[in-house]
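Quick notes on the structure that follows.
The values are calculated or read from the model by the stated rules, or taken from the named source; none is laboratory data. Being a predicted model, the structure only gives us computed values, none of them experimental. Neighbour counts are summed over all protein chains in view; Cβ atoms, including those assigned to glycine, are modelled from backbone coordinates with ideal geometry.
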Amino acid sequence: MSLPKPRIAVVVFPGSNDDRDAAWALQALDAEPVMVWHGDEELPDVDAVVLPGGFSYGDYLRAGAIARFSPAMRAVSAFAADGGLVLGICNGFQILCEAGLLPGVLQPNASLTFVCRDVGVRVERTDTPFTSRCAPGQRLTIPVKHADGCWFAPPELLAELEELGQIVLRYDAGENPNGAVADVAGVVNREATVMGLMPHPEHAVDPLLGSGDGALVLASLVDAAREHTLAAV
Amino acid sequence: MRATVLVRPKAGILDPQGEAVETSLKHLGFAVGEARIGRVIDLEVDAGSEEEAQAAVERMCEQLLANPLIESYDIELGSPA
């Protein structure tokens, strides 16, 4: 008997543009993506949620600031509060920070330019549902493409996050593309059930496109979501 | 009641836009420093009193208009221009 396919919601906001790439990647990794419109007040029965990249609501005010008020985000917040797995990629990361589901904030890149290139990131923790397929300290090559990726937290908050191991991905030395403090590329909440990252794992699932390293992140999520499916049976 | 909200990057927060504008002003020959760029939000607030309007706009700032991690805000209230 084949393994059950976990159902993973991909929330589509006005201005999302990586929603289909995320769905394609999840499907390629043996999950069943379920598209959810931002106006939907309830999530379908899913095992995890992905907030995709893009420019929801035109990045008005601050990136992610408006999307957080959409009906679907209220449902996602409730899902996360119940311990549900949520992965925010790029704009999804910005939305999770603005919604207070993840610590810190994403500011405009220090260079003031849009960056679009492969970057090297280091996996700082492998005991999370998003990095379980990685080796400790593994170096991944995953593309970034953003204008507002400069993650920031005040010194006391950063120290607390470092202490609690909430910094899960860090840009390699000299590869920080946006000026993020402490080279932070990805963080988790305290329970490690919600993660946000600026690099796009969904664009690095097939080695044909330059790197397959993003599949490690997404396949980790699929594994964890599948466990959730099996636990519910 | 008219309300104007000034949102600024907090002291010490990286402000590359401010730096870029400062550099450009220097290129124009102006002797300037510490340029910082924020934003202005003009609002018409439906409130019975100035105190009520002030309290409402403060809540707006905390919940949406400013991100307290990186931005500070000032509120100016006034009658319609």
Find the residue count for segment A:162-220, including only residues that are part of a loop (DSSP other than H, G, I, E, B) and either without any contact (Cβ under 8 Å) to a residue 24 or more places away in the chain or of a type outside the set (V, I, T) (or both). 25
For segment B:4-16, state whether one or more residues are surrounded by 14 or more Cβ atoms within 10 Å (Cβ to Cβ), over 26 Å from A:G149 (Cβ atoms) and not hydrophobic (A, V, I, L, M, F, W, C). yes
Is at least one residue of segment B:41-56 modelled with pLDDT of 95 or more and within 22 Å of A:L106 (Cα to Cα)? yes
Please enumerate the residues belonging to segment A:16-28 that are out of contact with any His (no Cβ under 9 Å at 6 or more places or on another chain), surrounded by fewer than 22 Cβ atoms within 10 Å (Cβ to Cβ) and touching a residue at least 60 places away in the same chain (Cβ under 8 Å). A:W24, A:A28
Identify, by number, the condition in (1) farther than 21 Å from A:R68 by Cβ; (2) at pLDDT 95 or above; (3) more than 14 Å from chain B (Cβ to nearest Cβ) that A:A173 doesn't meet. (2)
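Of all residues in segment A:91-129, how many are assigned to a strand (DSSP E or B), more than 12 Å from every other protein chain (Cβ to nearest Cβ) and touching a residue at least 40 places away in the same chain (Cβ under 8 Å)? Walk me through how you get there before you give the answer.
We begin by selecting, within segment A:91-129, every residue assigned to a strand (DSSP E or B); these are A:105-107, A:115-123.
Those left that are additionally more than 12 Å from every other protein chain (Cβ to nearest Cβ): A:115-123.
Of the ones still in play, those that are also touching a residue at least 40 places away in the same chain (Cβ under 8 Å) are A:115, A:117-123.
Within segment A:91-129, residues that are assigned to a strand (DSSP E or B), more than 12 Å from every other protein chain (Cβ to nearest Cβ) and touching a residue at least 40 places away in the same chain (Cβ under 8 Å) number 8.
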Within segment A:127-159, how many residues turn out to be of a type in the set (S, T, Y) and either over 28 Å from A:A219 (Cβ atoms) or surrounded by fewer than 19 Cβ atoms within 10 Å (Cβ to Cβ) (or both)? 2
Out of (1) β-branched (V, I, T); (2) surrounded by fewer than 20 Cβ atoms within 10 Å (Cβ to Cβ); (3) touching a helix residue (DSSP H, G or I) at 6+ places or on another chain (Cβ under 8 Å), the odd one out for A:V187 is which? (2)
Condition first: assigned to a helix (DSSP H, G or I), charged (D, E, K, R) and away from every other protein chain (no Cβ under 12 Å). Now tell me which residues in segment B:8-31 satisfy that. B:E22, B:K26
Candidate set: segment A:39-87, residues that are on the phi > 0 side of the Ramachandran plot and surrounded by fewer than 20 Cβ atoms within 10 Å (Cβ to Cβ); chosen: the one nearest to the other protein chains (Cβ to nearest Cβ): A:L61
Just for segment B:34-54: of the residues that are exposed (fewer than 12 other Cβ atoms within 10 Å of the Cβ) and either in a loop (DSSP other than H, G, I, E, B) or free of Cβ contacts under 8 Å to residues at least 12 places away in the same chain (or both), which one is nearest to the chain's Cα centre (by Cα)? B:E34
